[in-house]
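The values are calculated or read from the model by the stated rules, or taken from the named source; none is laboratory data. The structure displayed is predicted, hence computed values, not measured ones. Counting neighbours? That spans all protein chains shown, and the Cβs are built from the backbone with ideal geometry, glycine included.
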Amino acid sequence: MQTILGSNGQIGYELAKELYNNYTTDIRLVSRNPKKVNPSDQLVSADLLDFEQTIKAIETSEIVYFTVGLPMDSDLWESNFLKITNNVIQACKEAKSKLVFFDNTYMYPKDNTPQDENTKFFPVGRKSVIRSKMAELVVSEMEDGHLEAVICRAPEFYGPNKTQSITNTLVLNKIKSNTTATIPVNKATLRTLIWTPDASCAMALIGNTPNAYGQSWHLPCDDPHTFQEMMHISEKILNKSLKYRVIHLWQFKIAKLFSKEIRELDELLPRYEVDNIFISDKFKKAFPDFNVTSFETGIMQVLTENSSK
């Protein structure tokens, strides 16, 4: 049995498809209101803030994938995320389940230093501090030998279907709806983005590779590109000129006075001022046959997906 916690999100959805197609049909999907992805999926409704419900959701699982997401709300993260993470860790220990922990890069320094698996945490901002503490909980249990676990870390998403990210929301979705794209802070800085199906496929591969455990992995990405390059690629695909505007950091700082949504983005925005280089060479060397989706192919899929509806 392989269990996905947070199965309704885009990563959980793609992960369920990948596991079913290439690893096992014995899959359990867990969320507050889980939905089937594959015909044989077992559905379990659970509140992971409740330890007993968490134990029931995880029991008999060989591998547990943590893909739990919460809305961008610092208060909610501080009250819920660490408790959920601790419940999952303790339940995995009781069930003797392996844990595959899906993580982001919030805890990394928000400068132009290239990021690899040895990058030291330097969290700035409430959500960054929480994600740092979550990862440290897993690492501590892993290093003490109390939990067989692996951390799979990804940078910002872009992707098909209901992928939620700044890039999808402000740029790609605007292009798809034929409105002016909104580029955050700087159109010319390099950004490493991960294609959501690649993230899920790589996580399934790591989770089903026994010697991958006990360490952290950066999930595989194509070379970094600028938002300006994204616009040029999109124009070639659609064969038309596209409009965009850059919202500068000072404009965001004014907007956050009036918008809670913008305030929740505030701690992430400094990273858009500088090149953001996420290095996934370790994965590419260990799994040389893994096919990383090119930036051009990913953008084409997002845009043509829209035009076919």
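Things worth noting here:
- Residues located in region 144-175, provided they are among the hydroxyl-bearing types (Ser, Thr, Tyr) and assigned to a loop (DSSP other than H, G, I, E, B): Thr163, Ser165
- Condition check for Lys17: farther than 25 Å from Gly214 by Cβ and either among the acidic types (Asp, Glu) or surrounded by fewer than 18 Cβ atoms within 10 Å (Cβ to Cβ) (or both): yes
- Failed item in (1) over 30 Å from Met107 (Cβ atoms); (2) surrounded by fewer than 16 Cβ atoms within 10 Å (Cβ to Cβ), with Met300 passing the rest: (2)
- Of note, Leu172 satisfies the criterion of being of a type outside the set (S, T, N, Q) and in contact with a strand residue (DSSP E or B) (Cβ under 8 Å, 6 or more places away or on another chain).
- When residues in region 142-160 are screened for being more than 20 Å from Leu70 (Cβ to Cβ) and out of contact with any Cys (no Cβ under 9 Å at 6 or more places or on another chain), 8 of them pass.
- Region 80-118, residues that are of a type outside the set (A, V, I, L, M, F, W, C), assigned to a loop (DSSP other than H, G, I, E, B), within 21 Å of Ile166 (Cβ to Cβ) and within 19 Å of the chain's Cα centre (by Cα): Asn104, Thr105, Tyr106, Tyr108, Pro109, Lys110, Pro114
Per-residue answers, yes or no, for (1) β-branched (Val, Ile, Thr); (2) surrounded by fewer than 18 Cβ atoms within 10 Å (Cβ to Cβ); (3) farther than 17 Å from Thr182 by Cβ; (4) more than 20 Å from the chain's Cα centre (by Cα):
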position: Pro220; (1), (2), (3), (4): no, no, yes, no
position: Met231; (1), (2), (3), (4): no, no, no, yes
position: Gln251; (1), (2), (3), (4): no, yes, no, yes
position: Lys256; (1), (2), (3), (4): no, yes, no, yes
position: Ser280; (1), (2), (3), (4): no, no, yes, no
position: Phe295; (1), (2), (3), (4): no, no, yes, no
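- Residue list for region 1-17, restricted to those being hydrophobic (A, V, I, L, M, F, W, C) and under 9 Å from Thr67 (Cβ atoms): Ile4, Leu5, Ile11, Leu15
- Contact annotation: residue pairs with Cβ atoms under 6 Å, 6 or more positions apart or on different chains, pairing a residue in region 213-230 that is among the small types (Gly, Ala, Ser) with a partner that is surrounded by fewer than 23 Cβ atoms within 10 Å (Cβ to Cβ) and part of a loop (DSSP other than H, G, I, E, B), are Ser216/Glu117.
- Restricting Arg191, Arg131 to residues that are out of contact with any Leu (no Cβ under 7 Å at 6 or more places or on another chain), over 20 Å from Asp223 (Cα atoms) and of a type outside the set (A, V, I, L, M, F, W, C) narrows the list to Arg131.
- The lone exception for Ile166 - which of (1) crowded, with 17+ Cβ neighbours inside 10 Å; (2) in contact with a Leu (Cβ under 9 Å, 6 or more places away or on another chain); (3) at pLDDT 95 or above it fails: (3)
- Here the helices (runs of 4 or more DSSP H) wholly within region 212-309 that include at least 2 residues being modelled with pLDDT of 95 or more are 227-238, 281-286, 295-307.
- Test for Ser234: is it farther than 24 Å from Ile130 by Cβ, of a type in the set (Ser, Thr, Tyr) and either out of contact with any Lys or Arg (no Cβ under 8 Å at 6 or more places or on another chain) or assigned by TED's automatic domain parsing to the domain that holds Thr24 (or both): yes
- Lys243 meets the conditions (1) in contact with a Ser or Thr (Cβ under 6 Å, 6 or more places away or on another chain); (2) buried (at least 19 other Cβ atoms within 10 Å of the Cβ); (3) over 18 Å from Asp275 (Cα atoms) in every case but one. The failed one is (2).
- Within region 85-123, restricting attention to residues that are surrounded by 22 or more Cβ atoms within 10 Å (Cβ to Cβ) and aliphatic (A, V, I, L, M), the residue that is farthest from Pro270 (Cα to Cα) is Ala91.
Conditions (1) of a type in the set (A, V, I, L, M); (2) within 24 Å of Met72 (Cβ to Cβ); (3) out of contact with any Lys or Arg (no Cβ under 9 Å at 6 or more places or on another chain), marked per residue:
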| position | (1), (2), (3) |
| --- | --- |
| Gln251 | no, yes, yes |
| Leu268 | yes, yes, no |
| Tyr272 | no, yes, no |
| Ser294 | no, no, yes |
| Met300 | yes, no, yes |
